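Undergrad: One structure follows; several queries about it will come next.
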Ligand code: SAM
Ligand code: SF4
């Protein structure tokens, strides 16, 4: 069993498969200048799988593949199948912008993927294009519909932004309700890579928009999930709010992160990571275990996220996996 320096049980591994992306969301990735980690520095699926096996053998029960855009990583279905074949009851999930999903949903499901989170920030083509800096909406909607059709457990993620998509909070909620899938609203998290002019919305402001139309009841957090759940009283529909401006989910945090080039990160907001790349390439499993132990020992008690300009996180979401 994996236990961190604060006594928390760690059973959730998030793997960022690539930092590359076919979108340039204003809150995540600058348009340019840009320098990608060279492909030769990335761990192969075989190498990533060496760590996955250690993690599963040590008690990890949930794995999420993310990025960047994970569906850009060639042959991702093979990696999904490797994990699923190793432990069939693993809670295997993926987070995607949905653009390439339409044609991949069935093969991902067949390979053993169980759950998928799809980002949907707008239902208006021009607003979606403004946020992603690409014309994306039709393909994203197609991806969402295909994922539902093939039987994946779908959730939607929206990042509400002041004066950009805040007027669509209820529209996205109702779209998710009509599709019978859960939506989670994510507070914009300030970081040095985002467009500086963006203004995010706090959870209470997002809820304020919903209250104009619906009466809701606060349900609370589900286990170690960062999402705080609410119920719409008239329909019973449940949605979530991810509000890292509060630190109250850190005490139950159960996750660690691995990047595509082998950096093991104890916390999304924490700027220190340790590389397992050399040990993995040398097939030194004992050393990988030692590094994992060190990273767990140093996992911070709570995230160091800050709204203040001078303390803004330098960690790129597209690199560590959001
Ligand atoms: N490319 C995939 C996607 O967009 O879903 C997966 C990676 S993305 C980094 C994962 C999630 O992080 C997305 O739901 C995205 O909206 C969210 N995200 C990225 N930057 C963010 C920020 N600055 N604040 C809040 N959420 C952010
Ligand atoms: Fe790409 Fe996802 Fe970041 Fe948007 S949020 S730029 S889709 S990694």
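The values are calculated or read from the model by the stated rules, or taken from the named source; none is laboratory data. Just so it is clear, the structure is predicted and the values come from calculations on it, not from any experiment. In this analysis, Cβ positions are derived from the backbone assuming ideal geometry, glycine residues included, and neighbour counts consider all displayed protein chains.
Undergrad: Does the stretch 52-74 contain any residue that is assigned to a helix (DSSP H, G or I), within 16 Å of ligand 1 (Cβ to nearest atom) and farther than 16 Å from residue 261 by Cα?
TA: Checked against the condition, which is being assigned to a helix (DSSP H, G or I), within 16 Å of ligand 1 (Cβ to nearest atom) and farther than 16 Å from residue 261 by Cα, the stretch 52-74 yields at least one hit.
Undergrad: Right, next: Please work out which residue is surrounded by the fewest Cβ atoms within 10 Å (Cβ to Cβ), limiting yourself to the stretch 98-117 and to residues that are within 16 Å of ligand 1 (Cβ to nearest atom) and closer than 23 Å to residue 88 by Cα.
TA: 115
Undergrad: Related question: Inspect the stretch 208-215 for any residue being in contact with a strand residue (DSSP E or B) (Cβ under 7 Å, 6 or more places away or on another chain) and more than 26 Å from residue 295 (Cα to Cα) and give the result as yes or no.
TA: Yes: one or more hits.
Undergrad: Another question, then. So, in the stretch 1-29, exactly how many residues are more than 24 Å from residue 298 (Cβ to Cβ) and surrounded by fewer than 16 Cβ atoms within 10 Å (Cβ to Cβ)?
TA: Of the residues in that region, 1 qualify.
Undergrad: Looking only at the stretch 105-130, which residues are part of a helix (DSSP H, G or I) and away from ligand 2 (no atom under 16 Å from the Cβ)?
TA: 105, 106, 107, 108, 109, 110, 111, 125, 126
Undergrad: Would you check if residue 151 is part of a loop (DSSP other than H, G, I, E, B) and modelled with pLDDT of 95 or more?
TA: It is true that residue 151 is part of a loop (DSSP other than H, G, I, E, B) and modelled with pLDDT of 95 or more.
Undergrad: Looking at the structure I just gave you, is residue 94 within 15 Å of ligand 1 (Cβ to nearest atom) and surrounded by fewer than 19 Cβ atoms within 10 Å (Cβ to Cβ)?
TA: No.
Undergrad: On the basis of being touching a residue at least 40 places away in the same chain (Cβ under 8 Å) and part of a loop (DSSP other than H, G, I, E, B), does residue 100 make the cut?
TA: Yes, satisfied.
Undergrad: For residues that are surrounded by 14 or more Cβ atoms within 10 Å (Cβ to Cβ) and more than 15 Å from ligand 1 (Cβ to nearest atom), scanning just the stretch 248-261, find the one that is farthest from residue 46 (Cα to Cα).
TA: If we take residues in the stretch 248-261 being surrounded by 14 or more Cβ atoms within 10 Å (Cβ to Cβ) and more than 15 Å from ligand 1 (Cβ to nearest atom), then 250 is farthest from residue 46 (Cα to Cα).
Undergrad: Would you point out the residue of the stretch 154-163, among those that are surrounded by 21 or more Cβ atoms within 10 Å (Cβ to Cβ) and either without any contact (Cβ under 8 Å) to a residue 40 or more places away in the chain or assigned to a helix (DSSP H, G or I) (or both), that is nearest to ligand 2 (Cβ to nearest atom)?
TA: The qualifying residue nearest to ligand 2 (Cβ to nearest atom) is 158.
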